[in-house]
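First comes the structure, then the notes that go with it.
The values are calculated or read from the model by the stated rules, or taken from the named source; none is laboratory data. Quick caveat, the model's predicted, so the values are computed rather than measured. Don't worry about glycine lacking a Cβ; one is built from the backbone with ideal geometry, like all the others, and counts go over all protein chains shown. Areas reflect the complete protein model, heavy atoms only, side chains present, ligands, DNA and RNA absent. Shrake-Rupley method; radii C 1.70, N 1.55, O 1.52, S 1.80 Å.
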Amino acid sequence: MRDDDRLVPEEDAVGTTDRSAEAASVEPVPDPYGEHDDTPGRLDRMATGLRSVTRTWARLWGSLRHTRPVPRTVAVGLLCALGLLAFTQGRIVTGNTPAESGSSAERAALVQRARAEQPASRSEKRTEASPAATPDPDVPAASPAAPAPPPPPVDPGPVAGLTGVQMDNAKAIVRTGHDMGMPRRALIIGVATAMQESNLLNLANDALPESLDHSNQGTGWDHDSVGLFQQRTSSGWGPVDKLMDPAYATAQFFNALRRIPGWQQLPLTDAAQAVQVSAFPGYYARHEGAATEVVDAIIPPKR
């Protein structure tokens with residue numbers, strides 16, 4: 001059995017040798033922020049603490065080797081205590097305690113600098129790249145903006161050989177269609193149709209005596225047709241008193257025109273005939289030039 005007094009000097013000698021080797025091999029670690037560089041002092045305190053723990057462990061181990069077996073619970077307890085001691089020594093010597101970590105202002109400055117030096121996050125990169133992302137083919141493209149509405153109607157004098165009364169009726173047709181959002185092509189079709197049907201006059205009908213009770217500019221004779229468009233109440237166009245109103249009769253015409261598939265691409269005479277179902281469908285075409293002149297006078301085209 002060795003004398004414990006011999007173990008201590010030997011361990012001291014070993015510790016002294018290790019201290020020289022450690023001191024010679026340790027290189028100073030630069031401070032990442034260039035401030036409060038206390039690396040040599042920290043390492044020296046760390047080495048001292050670790051040597052103290054090593055000596056304590058060596059003494060205990062030497063005693064245990066030459067004595068009777070130690071219960072497992074005692075050994076586990078000693079190991080836990082030594083581990084806690086090493087952890088505490090490490091915190092003390094490395095300067096991780098609040099007392100050695102600097103003031104609150106210094107810590108805030110270090111945190112701010114560290115955040116500034118961090119690379120951009122993935123979400124930021126994704127945000128920057130999002131404008132150049134490839135459009136999803138499954139998502140329908142946005143519909144194009146609606147065309148600008150035509151300019152408001154003006155109040156010109158008669159054109160295209162019309163009388164003042166005829167021009168007033170033409171203005172009523174154009175203004176009603178404009179308010180309904182109908183394009184210029186529809187306005188020309190409407191004026192040309194009224195030129196053919198009633199010569200742009202709001203006609204009553206002797207076959208419908210009640211039509212004579214309303215303001216009119218003459219009488220017609222075709223079945224029970226009345227008004228600018230010679231619409232028949234028996235065909236479902238509306239009551240007589242309303243069909244004698246130029247605005248109502250015009251709205252009925254344009255609503256029927258809207259329901260004609262592809263009416264915008266049809267020749268004027270075909271579009272008018274699809275609405276009126278006249279016995280003389282080819283007659284509408286001869287009014288297209290005059291109707292265009294009238295519409296251009298009421299709503300001047302953009303130059």
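A few comments on the model shown:
- When residue 297 is tested against the conditions (1) surrounded by fewer than 19 Cβ atoms within 10 Å (Cβ to Cβ); (2) farther than 19 Å from residue 230 by Cα, the lone failure is (1).
- Qualifying position, being open to solvent by less than 10 Å² (accessible area, probe 1.4 Å) and among the aliphatic types (A, V, I, L, M), among 204, 160, 172: 204
- Annotation note: Cβ proximity below 6 Å between a residue of segment 267-291 that is within 20 Å of residue 249 (Cβ to Cβ) and a residue that is surrounded by fewer than 16 Cβ atoms within 10 Å (Cβ to Cβ) and basic (Lys, Arg) (sequence gap 6+ or interchain) occurs for no pair.
- Residue match in segment 214-223 (condition: surrounded by fewer than 20 Cβ atoms within 10 Å (Cβ to Cβ), more than 20 Å from residue 278 (Cβ to Cβ) and without any contact (Cβ under 8 Å) to a residue 12 or more places away in the chain): no
One line per residue, one yes/no per condition, for (1) in a loop (DSSP other than H, G, I, E, B); (2) basic (Lys, Arg); (3) open to solvent by 30 Å² or more (accessible area, probe 1.4 Å); (4) at pLDDT 95 or above:
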| position | (1), (2), (3), (4) |
| --- | --- |
| 228 | yes, no, no, yes |
| 248 | no, no, yes, yes |
| 254 | no, no, no, yes |
| 257 | no, no, no, yes |
| 261 | yes, no, yes, yes |
| 272 | no, no, no, yes |
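- For residue 289, the criteria (1) in a helix (DSSP H, G or I); (2) at pLDDT below 95 hold in every case but one, which is (2).
- For segment 208-232, the set of residues classified as hydrophobic (A, V, I, L, M, F, W, C) and out of contact with any strand residue (DSSP E or B) (no Cβ under 9 Å at 6 or more places or on another chain) consists of 228, 229, listed by residue number.
- Every pair of residues 6+ apart whose Cβ atoms lie under 8 Å, when the first sits in segment 175-194 and is charged (D, E, K, R) while the second is assigned to a helix (DSSP H, G or I) and surrounded by 24 or more Cβ atoms within 10 Å (Cβ to Cβ): 184/295
- Count - residues of segment 250-302 that are within 28 Å of residue 155 (Cα to Cα), among the small types (Gly, Ala, Ser) and under 41 Å from the mean Cα position of the chain (by Cα): 2
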